[in-house]
Amino acid sequence: FFSSRRRHTRCSRVWSSDVCSSDLSFDDATRVEMVAEGRYVGDVCDGWDIRGNANGGYVMALMNSAMRDASGRIDPISLTLHYLTPLPPSRFEIVTEVVKRGRRFTTVSASMIVEGRTAIRALGAFGELADPAQGLHHVDVARPDLPPFEQCRARDPHAENIPLALMSKLNMRLHPDDLGFAIGKPSGRSLMRGYFAFADARPIDTHAVLLAADAFAPPIFNLVEVPGWVPTVELTVHLRARPAPGPLACSFDARVVQGGMFEEDGVLFDENGVLVAQSRQIGLVPL
(Lines give C-alpha, C1' and ligand atoms only; values in the text may rest on other atoms or scores of the structure.)
Protein backbone atom coordinates (compact mmCIF):
# COMPACT_ATOMS: atom_id res chain seq x y z
CA PHE A 1 0.00 0.00 0.00
CA PHE A 2 2.76 2.42 0.93
CA SER A 3 6.32 2.52 -0.36
CA SER A 4 7.83 1.66 3.04
CA ARG A 5 6.30 -1.82 2.81
CA ARG A 6 7.93 -2.45 -0.56
CA ARG A 7 11.20 -0.56 -0.54
CA HIS A 8 14.09 -0.09 1.82
CA THR A 9 15.23 3.41 2.67
CA ARG A 10 18.24 4.69 0.78
CA CYS A 11 19.84 5.64 4.11
CA SER A 12 21.89 3.06 5.98
CA ARG A 13 21.08 1.62 9.39
CA VAL A 14 23.99 3.55 10.89
CA TRP A 15 23.52 7.19 10.02
CA SER A 16 26.05 8.61 7.58
CA SER A 17 25.97 11.87 5.65
CA ASP A 18 27.50 10.00 2.73
CA VAL A 19 24.40 7.84 2.22
CA CYS A 20 21.74 10.30 3.44
CA SER A 21 22.98 13.14 1.29
CA SER A 22 21.56 16.65 1.11
CA ASP A 23 20.47 16.20 -2.52
CA LEU A 24 17.71 13.68 -1.74
CA SER A 25 14.21 14.47 -2.98
CA PHE A 26 11.41 15.10 -0.49
CA ASP A 27 10.04 11.59 -0.97
CA ASP A 28 13.44 9.96 -0.45
CA ALA A 29 14.26 12.20 2.51
CA THR A 30 10.98 11.29 4.26
CA ARG A 31 10.99 7.56 3.49
CA VAL A 32 10.91 5.10 6.38
CA GLU A 33 11.35 1.34 6.53
CA MET A 34 9.07 -0.96 8.52
CA VAL A 35 11.28 -3.39 10.47
CA ALA A 36 8.53 -4.95 12.61
CA GLU A 37 4.82 -4.45 13.16
CA GLY A 38 4.42 -0.85 14.34
CA ARG A 39 8.17 -0.11 14.20
CA TYR A 40 9.93 1.95 11.54
CA VAL A 41 13.45 3.24 11.02
CA GLY A 42 14.75 6.10 8.93
CA ASP A 43 16.96 9.15 8.88
CA VAL A 44 16.72 12.84 9.59
CA CYS A 45 18.53 13.81 6.42
CA ASP A 46 20.77 16.79 5.82
CA GLY A 47 19.46 19.66 3.69
CA TRP A 48 16.00 19.95 5.26
CA ASP A 49 17.11 22.12 8.15
CA ILE A 50 17.44 25.60 9.58
CA ARG A 51 20.83 26.19 11.19
CA GLY A 52 21.52 22.46 11.26
CA ASN A 53 18.27 21.47 13.02
CA ALA A 54 15.55 19.73 11.03
CA ASN A 55 12.60 21.91 10.04
CA GLY A 56 9.47 21.15 12.05
CA GLY A 57 7.32 20.52 8.97
CA TYR A 58 9.91 18.11 7.60
CA VAL A 59 9.90 16.24 10.92
CA MET A 60 6.10 16.12 10.78
CA ALA A 61 6.34 14.55 7.31
CA LEU A 62 8.75 11.92 8.67
CA MET A 63 6.26 11.03 11.40
CA ASN A 64 3.45 11.00 8.84
CA SER A 65 5.33 8.47 6.70
CA ALA A 66 5.27 5.95 9.54
CA MET A 67 1.90 6.82 11.07
CA ARG A 68 -0.17 6.77 7.90
CA ASP A 69 1.45 3.47 6.95
CA ALA A 70 0.48 2.05 10.33
CA SER A 71 -3.06 3.39 9.87
CA GLY A 72 -3.51 1.91 6.38
CA ARG A 73 -5.08 5.23 5.30
CA ILE A 74 -3.75 7.66 2.74
CA ASP A 75 -4.47 11.13 4.21
CA PRO A 76 -3.53 12.73 7.52
CA ILE A 77 -6.72 14.44 8.74
CA SER A 78 -5.27 15.95 11.93
CA LEU A 79 -1.70 15.58 13.12
CA THR A 80 -0.13 17.04 16.28
CA LEU A 81 3.57 16.88 17.20
CA HIS A 82 5.33 17.84 20.40
CA TYR A 83 9.00 18.58 19.77
CA LEU A 84 11.05 17.49 22.77
CA THR A 85 14.54 18.14 21.43
CA PRO A 86 16.21 19.66 18.35
CA LEU A 87 16.95 17.15 15.58
CA PRO A 88 20.25 17.34 13.71
CA PRO A 89 20.90 14.71 11.01
CA SER A 90 20.57 11.35 12.75
CA ARG A 91 19.19 7.81 12.61
CA PHE A 92 15.82 7.29 14.30
CA GLU A 93 13.20 4.71 15.18
CA ILE A 94 9.47 5.49 15.15
CA VAL A 95 7.25 3.33 17.34
CA THR A 96 3.55 3.53 16.45
CA GLU A 97 0.39 2.37 18.18
CA VAL A 98 -3.01 2.18 16.52
CA VAL A 99 -5.33 3.61 19.16
CA LYS A 100 -8.56 2.99 17.26
CA ARG A 101 -9.65 1.81 13.83
CA GLY A 102 -12.99 3.37 12.99
CA ARG A 103 -15.18 3.42 9.91
CA ARG A 104 -13.92 6.83 8.77
CA PHE A 105 -10.75 7.44 10.73
CA THR A 106 -7.86 5.54 12.26
CA THR A 107 -6.15 7.18 15.23
CA VAL A 108 -2.43 6.54 15.70
CA SER A 109 0.05 7.64 18.36
CA ALA A 110 3.80 7.55 17.78
CA SER A 111 7.18 8.34 19.30
CA MET A 112 10.41 9.11 17.48
CA ILE A 113 13.41 7.76 19.37
CA VAL A 114 16.95 8.99 18.70
CA GLU A 115 19.89 7.43 20.52
CA GLY A 116 17.60 5.95 23.16
CA ARG A 117 15.76 9.20 23.90
CA THR A 118 12.27 10.27 22.84
CA ALA A 119 12.61 13.26 20.52
CA ILE A 120 9.04 13.58 19.20
CA ARG A 121 5.60 12.56 20.44
CA ALA A 122 2.72 12.57 17.98
CA LEU A 123 -0.99 11.84 17.72
CA GLY A 124 -2.93 11.78 14.47
CA ALA A 125 -6.17 10.84 12.78
CA PHE A 126 -5.95 9.35 9.28
CA GLY A 127 -8.57 8.72 6.62
CA GLU A 128 -9.54 9.65 3.07
CA LEU A 129 -10.34 13.30 2.41
CA ALA A 130 -13.66 13.86 0.65
CA ASP A 131 -14.37 16.18 -2.26
CA PRO A 132 -14.83 19.61 -0.60
CA ALA A 133 -17.69 20.41 -2.99
CA GLN A 134 -19.81 17.60 -1.55
CA GLY A 135 -22.20 18.15 1.34
CA LEU A 136 -22.56 21.27 3.48
CA HIS A 137 -19.89 23.82 2.55
CA HIS A 138 -19.16 27.00 4.52
CA VAL A 139 -15.68 28.56 4.67
CA ASP A 140 -15.47 31.96 6.35
CA VAL A 141 -11.73 32.26 5.75
CA ALA A 142 -10.35 34.43 2.97
CA ARG A 143 -7.63 33.29 0.60
CA PRO A 144 -4.44 35.29 1.23
CA ASP A 145 -4.30 38.55 -0.70
CA LEU A 146 -1.23 37.89 -2.84
CA PRO A 147 0.17 39.29 -6.07
CA PRO A 148 0.66 36.72 -8.85
CA PHE A 149 3.33 34.09 -8.17
CA GLU A 150 5.84 35.70 -10.55
CA GLN A 151 5.52 39.09 -8.82
CA CYS A 152 6.34 37.74 -5.36
CA ARG A 153 9.95 37.68 -4.17
CA ALA A 154 11.88 34.41 -4.04
CA ARG A 155 13.82 33.61 -0.87
CA ASP A 156 17.54 33.33 -1.55
CA PRO A 157 19.15 30.61 0.63
CA HIS A 158 22.48 32.47 0.41
CA ALA A 159 21.40 36.07 0.97
CA GLU A 160 19.92 36.02 4.49
CA ASN A 161 21.39 36.07 7.97
CA ILE A 162 20.30 32.53 8.87
CA PRO A 163 21.64 29.48 6.97
CA LEU A 164 18.65 28.23 4.97
CA ALA A 165 19.43 24.79 3.61
CA LEU A 166 15.69 24.09 3.41
CA MET A 167 15.11 26.95 0.98
CA SER A 168 17.32 25.31 -1.64
CA LYS A 169 14.68 22.54 -1.85
CA LEU A 170 11.75 24.90 -2.34
CA ASN A 171 10.47 27.56 -4.68
CA MET A 172 9.20 29.96 -2.05
CA ARG A 173 7.77 33.35 -3.00
CA LEU A 174 6.92 35.95 -0.35
CA HIS A 175 4.59 38.92 -0.48
CA PRO A 176 6.79 42.03 -1.05
CA ASP A 177 5.26 43.71 2.02
CA ASP A 178 6.41 40.85 4.29
CA LEU A 179 10.06 40.61 3.18
CA GLY A 180 11.47 43.36 5.41
CA PHE A 181 12.88 40.90 7.95
CA ALA A 182 15.27 39.51 5.31
CA ILE A 183 16.94 42.88 4.72
CA GLY A 184 17.00 44.15 8.30
CA LYS A 185 13.81 46.21 7.95
CA PRO A 186 11.00 44.28 9.71
CA SER A 187 7.54 45.50 8.74
CA GLY A 188 6.28 45.72 12.33
CA ARG A 189 3.33 43.50 11.42
CA SER A 190 3.48 39.86 12.55
CA LEU A 191 2.35 38.49 9.19
CA MET A 192 3.98 36.24 6.58
CA ARG A 193 2.30 35.54 3.23
CA GLY A 194 3.45 33.82 0.09
CA TYR A 195 3.49 30.79 -2.17
CA PHE A 196 4.84 27.31 -1.50
CA ALA A 197 6.16 25.02 -4.24
CA PHE A 198 9.02 22.55 -4.65
CA ALA A 199 12.15 23.55 -6.55
CA ASP A 200 11.97 20.27 -8.48
CA ALA A 201 8.28 20.86 -9.31
CA ARG A 202 7.13 17.86 -7.25
CA PRO A 203 3.31 17.87 -7.09
CA ILE A 204 1.91 18.90 -3.72
CA ASP A 205 -0.12 16.20 -1.95
CA THR A 206 -1.34 15.97 1.64
CA HIS A 207 2.07 14.59 2.70
CA ALA A 208 3.81 17.68 1.32
CA VAL A 209 1.25 20.05 2.86
CA LEU A 210 2.71 19.13 6.26
CA LEU A 211 6.06 20.58 5.18
CA ALA A 212 4.39 23.70 3.78
CA ALA A 213 2.72 24.37 7.13
CA ASP A 214 6.11 25.14 8.70
CA ALA A 215 8.26 26.16 5.74
CA PHE A 216 7.71 29.92 5.93
CA ALA A 217 9.69 32.31 8.10
CA PRO A 218 7.91 32.85 11.43
CA PRO A 219 5.73 35.99 11.25
CA ILE A 220 7.37 37.30 14.44
CA PHE A 221 10.50 37.90 12.32
CA ASN A 222 8.74 41.09 11.27
CA LEU A 223 8.70 42.18 14.91
CA VAL A 224 12.34 41.54 15.86
CA GLU A 225 15.52 43.26 14.73
CA VAL A 226 17.68 40.14 14.39
CA PRO A 227 15.91 36.91 13.35
CA GLY A 228 17.20 33.73 14.95
CA TRP A 229 16.34 30.07 15.20
CA VAL A 230 12.78 29.62 16.49
CA PRO A 231 12.19 26.27 18.24
CA THR A 232 8.71 24.81 17.75
CA VAL A 233 7.15 23.47 20.95
CA GLU A 234 3.96 22.07 19.39
CA LEU A 235 2.55 22.00 15.86
CA THR A 236 -0.91 20.90 14.73
CA VAL A 237 -2.05 20.67 11.12
CA HIS A 238 -5.64 20.02 10.03
CA LEU A 239 -6.01 18.81 6.44
CA ARG A 240 -9.26 19.86 4.76
CA ALA A 241 -8.81 18.87 1.10
CA ARG A 242 -6.36 17.33 -1.33
CA PRO A 243 -4.68 20.21 -3.16
CA ALA A 244 -5.13 20.86 -6.86
CA PRO A 245 -1.94 21.07 -8.97
CA GLY A 246 0.09 24.24 -8.53
CA PRO A 247 1.61 26.32 -5.72
CA LEU A 248 -0.12 26.79 -2.39
CA ALA A 249 -1.10 30.31 -1.35
CA CYS A 250 -0.36 30.63 2.37
CA SER A 251 -0.73 33.12 5.18
CA PHE A 252 0.63 32.91 8.74
CA ASP A 253 0.09 35.40 11.55
CA ALA A 254 1.01 35.63 15.22
CA ARG A 255 -1.58 37.52 17.22
CA VAL A 256 -0.18 36.74 20.67
CA VAL A 257 3.51 37.13 21.57
CA GLN A 258 3.88 36.88 25.32
CA GLY A 259 6.09 35.36 27.99
CA GLY A 260 8.82 34.37 25.55
CA MET A 261 6.38 32.37 23.40
CA PHE A 262 4.12 33.03 20.43
CA GLU A 263 1.23 31.30 18.70
CA GLU A 264 1.13 31.12 14.93
CA ASP A 265 -1.99 30.44 12.88
CA GLY A 266 -1.82 29.48 9.22
CA VAL A 267 -4.15 28.89 6.29
CA LEU A 268 -3.11 27.18 3.04
CA PHE A 269 -5.14 27.40 -0.19
CA ASP A 270 -4.66 25.65 -3.52
CA GLU A 271 -4.76 27.12 -7.05
CA ASN A 272 -8.55 26.69 -7.18
CA GLY A 273 -9.05 28.76 -4.04
CA VAL A 274 -9.88 25.72 -1.91
CA LEU A 275 -8.75 25.72 1.72
CA VAL A 276 -6.53 22.63 1.98
CA ALA A 277 -5.13 23.03 5.49
CA GLN A 278 -5.09 25.03 8.71
CA SER A 279 -2.21 25.06 11.16
CA ARG A 280 -1.38 26.31 14.61
CA GLN A 281 1.87 26.15 16.50
CA ILE A 282 3.47 27.36 19.68
CA GLY A 283 7.06 28.53 19.32
CA LEU A 284 9.74 30.23 21.36
CA VAL A 285 10.72 33.82 20.66
CA PRO A 286 14.33 33.92 19.40
CA LEU A 287 16.81 35.41 21.88
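The values are calculated or read from the model by the stated rules, or taken from the named source; none is laboratory data. A quick note: this is a predicted structure, and the numbers were derived from the prediction, not measured. Note: ideal-geometry Cβ built from the backbone for every residue, glycine included; neighbour counts use all protein chains shown. Heavy atoms of the whole protein, side chains included, go into the accessibility calculation; ligands, DNA and RNA do not. Shrake-Rupley method; radii C 1.70, N 1.55, O 1.52, S 1.80 Å.
At a glance:
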item: Accessible area in the full protein assembly, largest first, 1.4 Å probe, for His82, His207; result: His82, His207
item: Stretchable slack from Arg189 to Ser90, in nm (0.36 nm times residue separation minus alpha-carbon distance); result: 32.0 nm
item: 5 Å binning of all Cα-Cα separations within the range 160-287, expressed as whole percents from 0 upward; result: 2, 11, 22, 24, 21, 13, 6, 1, 0
item: Rg over Rh, two decimals, the range 214-287 (C-alpha only, Kirkwood Rh); result: 1.02
item: Principal axes of the range 28-130: Cα extent on each, largest first, Å; result: 42, 28, 24
item: The range 69-190 pair-distance distribution - Cα-Cα, 10 Å bins, rounded %; result: 10, 23, 26, 30, 11, 0
item: Karplus-derived HN-Hα couplings along the range 170-175 (A = 6.51, B = -1.76, C = 1.60, θ = phi - 60°), whole Hz, x at Gly and Pro; result: 10, 10, 9, 10, 10, 4
item: Nonlocal amide H pairs with Ile77, under 5 Å, H built at 1.01 Å; result: Ala125, Phe126, Gly127
item: Neighbour net charge for Thr96 - beta-carbon separation under 11 angstrom, K R +1, D E -1; result: -2
item: Share of carbon and sulfur in the accessible heavy-atom surface of the chain [1.4 Å probe, %]; result: 50
item: Mean ellipticity per residue at 222 nm, deg cm²/dmol - from DSSP H runs of n ≥ 4 across the chain, formula -39500 (n - 2.57); result: -2500 deg cm²/dmol
item: Built amide H within the under 5 Å cut-off of Val233, gap 5+; result: Ile282, Gly283, Leu284
item: Heavy-atom surface of the chain, accessible at 1.4 Å and reported per residue (Å²); result: 46
item: Between the range 230-255 and the range 45-96, the alpha-carbon center distance in angstrom; result: 15
item: Magnitude of the charge dipole, the range 85-167, Cβ model with Lys/Arg +1 and Asp/Glu -1, debye to 20; result: 420
item: Sparse-neighbour loop sites [trypsin sites (Lys or Arg not before Pro); the range 56-115; at most 14 other C-beta within 10 Å; DSSP]; result: Arg103, Arg104
item: Computed magnitude of the charge dipole of the chain (debye, nearest 20; Cβ of K, R +1, Cβ of D, E -1); result: 700
item: Gln258 paired with Val99, simple spin-label distance in nm, labels 7 Å along Cα-to-beta-carbon; result: 2.8
item: log10 of Debye I(q)/I(0), alpha-carbon scatterers only, for the chain at 0.17 Å⁻¹; result: -1.49
item: Listed residue (Ser90, Ala201, His175) projecting farthest to the positive dipole end of the chain, Cβ model; result: Ser90
item: Relative packing of peptides 184-196, 49-61 - highest average C-beta neighbours within 10 Å first; result: 49-61, 184-196
